[in-house]
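Coordinate-derived values only; no laboratory data. In this text the structure is predicted, and so the values were computed from the model without any measurement. Every residue, glycine as well, gets a Cβ built from its backbone with ideal geometry; the counts of neighbours run over all protein chains shown.
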């Protein structure tokens, strides 16, 4: 497809795609894990003081 | 309270973590969608570009190497501005921004090094040379890794934030070295061909796809940075909730 340079061009794009996909997946998994932790703590009745204040302000 | 103080107070409120989340949560999906469209358009433009008369098809590597290198430096500059925010204004979001940007900057620097090496072998005949540009970018990658390690090594948040900010600002000395290394020293790496005084030394057939990919990478960085900042704020909330639980247990 890219002639004699295929062995350099294809890995460049594959590595870039893999690193970017890895970064996105890691960020999404991190977000899900933090939300799960907060949910578990709230279910145990633990709330941040600031969150309680925010609720009374509203 | 005079007008200026009131304005400052409202700006300060706007940048508090809760307000940040209220703004970031609805913005992130839109930014992600725009980033995907920009990446697809950039890829289409890159693969539609003609072959270069000297580089041949390897110009395709340049389209992803150059934006990665720009982002590596831009990300570190944003981290340095955040470090100033921590040290000078003690802004709560400044440390969040610094920590959130570090892994993204490390990833883009890694990509700049790998794609540069994959371009260098067919064009220069070598995977690597210890010239000033390549070495200073490798140093940037090591600094990123060091900052990530430091951010995980110190438990106490205030000490960690100050230490990270100081080391980040010290490391900033490397950014002008990277930028001007090709002018100050005799390097195998070519000098700037886009960001230079006068017209870019590049035909528009290559310049437009390159700029489009740079825009797509920048949008990707902004999206990931916002997402990581959101995660970092949630991480701090978890920490404070766990500390509250521990205090309540002790009191009981």
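Just a few scattered comments:
- Estimated distance in nm for a label pair at residue B:179 and residue B:54, the labels positioned 7 Å out from Cα along Cα-to-Cβ: 2.5
- Shielding of peptide B:242-250 by partners, expressed as the average count of other chain Cβ atoms within 10 Å per residue Cβ, is 2.
- Counted by neighbouring Cβ atoms within 10 Å, the residues B:36, B:233 run from fewest to most as B:36, B:233.
- With respect to chain B, whose longest principal axis is taken over its alpha-carbon atoms, helix B:174-184 is tilted by about 20°.
- Additional length obtainable on full extension of the chain from residue B:243 to residue B:186, 0.36 nm per residue less Cα span: 15.0 nm
- Cα long-axis angle, helix B:132-153 against chain B (0 to 90 degrees, to the nearest 10): 20
- The Cα center of the range B:100-151 and the Cα center of the range B:43-73 differ in position by 17 Å.
- Sum of -39500 (n - 2.57) over DSSP H runs of 4+, divided by residues of chain B (222 nm, nearest 500): -28000 deg cm²/dmol
- Relative contact order, percent, chain B [alpha-carbon distance under 8 Å, six or more residues apart]: 30
- With Cα atoms, 0 to 90° folded angle of helix B:204-251 axis to chain B main axis: 20
- Gyration tensor (alpha-carbon) shape descriptor, the protein assembly as shown, a/c threshold 1.5: prolate
- Judged by the ratio a/c of the largest to the smallest principal axis of the C-alpha gyration tensor, chain B counts as prolate, that ratio being 1.5 or greater while a/b is larger than b/c.
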